[in-house]
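Colleague: Here it is: the structure, laid out below.
The values are calculated or read from the model by the stated rules, or taken from the named source; none is laboratory data. The shown structure was predicted, so the numbers you read here are calculated from the model rather than taken from an experiment. Ideal geometry is used to build each Cβ from the backbone, glycine not excepted, and the neighbour counts take in all protein chains shown.
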Amino acid sequence: MLLLYFSGEVVGPPPRYSTCLASASLSIAQSPLTAISATSLVFHIWLTMRDAVGPKPPLWYRESLEIILLVLMPYLVFAITALTTLVLGFSHPSSVYRALFYCTVDVRALEVTVSAVCVATLVLAGIFGGMCVLF
């Protein structure tokens, strides 16, 4: 996120707390967004290939369910992660600092949770990708 660049606070004195916290929450939340989006794409490919090989009777709600889960889920996780980062940043103001071109919130529990979500979803993507190869 280039919030610090656009606000002119990349170099020099520390950026304003609000700008730094906003940059941190958006930067931290983009990793799970990307991981879950990739998993959604692989899952959609798997569903398409599964239906092509052995057609199942279509369920009237399946397409709506896919749209909700595969499109909205990454953004829902993004919003939850960004809001969690904001809450933790407000709770621990000393943990919000500028890294190089962005800010971060240095709370170990947040780092571990975001990393675990990313790894778990990418492992799931690998499993569905492997199942696509088996078709």
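Colleague: Can you tell me which residue is surrounded by the fewest Cβ atoms within 10 Å (Cβ to Cβ) among those in segment 10-53 that are assigned to a loop (DSSP other than H, G, I, E, B) and in contact (Cβ under 8 Å) with a residue 24 or more places away in the chain?
Modeller: Pro14
Colleague: Does His92 satisfy the condition of being free of Cβ contacts under 8 Å to residues at least 40 places away in the same chain and within 19 Å of Ala24 (Cα to Cα)?
Modeller: yes
Colleague: Then there is this: Would you mind stating whether Val77 is within 17 Å of Glu111 (Cα to Cα) and out of contact with any helix residue (DSSP H, G or I) (no Cβ under 8 Å at 6 or more places or on another chain)?
Modeller: no
Colleague: Looking at this structure, is Pro15 touching an Asp or Glu at 6+ places or on another chain (Cβ under 6 Å) and either at pLDDT below 95 or among the hydroxyl-bearing types (Ser, Thr, Tyr) (or both)?
Modeller: Spelling it out, Pro15 is indeed touching an Asp or Glu at 6+ places or on another chain (Cβ under 6 Å) and either at pLDDT below 95 or among the hydroxyl-bearing types (Ser, Thr, Tyr) (or both).
Colleague: Identify, by number, the condition in (1) part of a helix (DSSP H, G or I); (2) more than 20 Å from Val42 (Cα to Cα); (3) of a type in the set (A, V, I, L, M); (4) over 14 Å from the mean Cα position of the chain (by Cα) that Val133 doesn't meet.
Modeller: Val133 satisfies every listed condition except (2).
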